[in-house]
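The values are calculated or read from the model by the stated rules, or taken from the named source; none is laboratory data. Computed from a predicted model, the values in this text were never measured in an experiment. Neighbour counts are summed over all protein chains in view; Cβ atoms, including those assigned to glycine, are modelled from backbone coordinates with ideal geometry.
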Amino acid sequence: MTNFIFRGAAVLFIIGMLLNASCVQNNSPTSVPNNTVGNLNTGTNSNTQPVPTETQTKTTATVLTLPLLDALLADNDFVSEARSTIQVTDEEIDKLKNAARDAVLKLSDDPSEDSSRSTKTAVDDAKKQLQQVLGTDRANRFTQLVDKYAGNQELANPAPNQVPTDTRVVVNAPAYRMDVFDKGKLVQSYKIGIGYPEFPLPTGLRQAKSLIFNPTWTPPDEPWVKGKVAPGKTVEAGSKLNPLGPIKIPIGLPNLIHGGKSPSRLGTFASHGCVGLTDPMIEDFAAKITGLLGEPLSLNDIKGYEKAKTETKEIKLKESIPVELRYETIVVENGILKIYRDVYERGTNTEENLKRVLDTFGVSLDALEQALRSQIFEALSQMAVDATGNPVDVNQNRDSERDKEKKMAKGNSNQGDGRVTRDIKGKKVLEFKIPQLAGKGYPAPVGLKA
């Protein structure tokens, strides 16, 4: 995983270090053992894509927000490359640093504070700042450089709700669900916490290459570090103040799968760009994936590593395991049509997207009964709202005049007050049982752990 290093007392970075109790990396384990986990024995190359409509891949844009920009600009390697490839000047770097730092210092994840911000607002803020300082052309090249650092790839034109044929992990953020597949068979499901709208999970194909036990956390020397932790003072593994739990699994800049989450944060926003699990769940997940790789770590093995709380250990996998990050709000699951909230405001709950999903499973939207179609259209409208209940612009032309008036009155944009969005207001999913879909779709959860 590409490393981001904070200046001064900050030894490491991941986007979650931007706020207290966040997804954070410690990039320097105190010991790196020689023991490794076995090859990914799937009968296919573990690094290949799933079997989509096209097998080529393309780079996908990383979701760039000002907090992420703040961390990028603290990485000397990234700044050096930006200077050489985009001709960013020292003066421009300073302007971007000041703007990004101001945004970070205004953020808070205090659960007592309400929020009105959103993904779109956070992304727009960063885009506007980049264009003001660098101009449109170099701003676009800058975001491409961010992509290069992320190492993120996306399937070209993948089929909706695609079921893998290999061994991999699939995360669908709107469903708050992570699945483990073994040679195309779903063997375990987990309910997860996802990144706040201001720190959204990306989409695309990543790779998990190692397990890191007993990660420590060193808060950076920043004004937002407060409470029971202090800048530069290491929070030991196992501490209640350590946001990472007993295990973290890097899956590429700047994201992790890690423990440390309360059960109450599953099924909602819980991190600053990471997949969050409880401690027992991350232990189970580590045992599961190492078992699939042929050299399993038992729970006793895992507990043994965790007992040495002051010794951080990294166990590398001989073969990386693909981790596919999805954003699918319209899902056919075991014969049930599910429409999830568009919590990251990507405009996915549209009639066009619905038709595409249904067509994949041989069902025509026009062939459904009128009453059922009306209910589904209403569900699309209800789920085409962000986490705070504000409508998402999905560019549909079928809104009634009354719906348009409601949108205008409520407003489509969230100006925000600098506080992260912790919870979702309203329903998260609406479901429809459609006879024509019986036995079709993505599999229902298996052994769901929550």
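So here's what we get for this one:
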| read-out | value |
| --- | --- |
| Failed item, numbered, when Ser320 is tested on (1) outside the structural domain of Lys433 (by TED's automatic domain parsing); (2) in a helix (DSSP H, G or I); (3) small (Gly, Ala, Ser) | (2) |
| Restricting region 370-390 to residues that are surrounded by 14 or more Cβ atoms within 10 Å (Cβ to Cβ) and assigned to a loop (DSSP other than H, G, I, E, B), the residue that is modelled with the highest pLDDT | Ala384 |
| Only listed residue being part of a helix (DSSP H, G or I), modelled with pLDDT of 80 or more, outside the structural domain of Tyr344 (by TED's automatic domain parsing) and under 20 Å from the mean Cα position of the chain (by Cα), chosen from Asp77, Asp147, Asp125, Asp70 | Asp125 |
| Residue within region 97-107 that is touching a Pro at 6+ places or on another chain (Cβ under 8 Å), under 15 Å from Leu134 (Cβ atoms) and modelled with pLDDT of 80 or more present | yes |
| Test: residue in region 338-361 that is under 26 Å from Ala237 (Cα atoms) and either without any contact (Cβ under 8 Å) to a residue 60 or more places away in the chain or surrounded by 16 or more Cβ atoms within 10 Å (Cβ to Cβ) (or both) | no |
| Breaking point among (1) out of contact with any helix residue (DSSP H, G or I) (no Cβ under 6 Å at 6 or more places or on another chain); (2) crowded, with 19+ Cβ neighbours inside 10 Å, for Gly291 | (2) |
| Those strands (runs of 3 or more DSSP E) lying entirely in region 167-217 with at least 1 residues in contact (Cβ under 8 Å) with a residue 60 or more places away in the chain and of a type in the set (Asp, Glu) | 177-182 |
| Test: residue in region 306-317 that is outside any strand (DSSP E or B) and either without any contact (Cβ under 8 Å) to a residue 40 or more places away in the chain or under 19 Å from Tyr190 (Cα atoms) (or both) | yes |
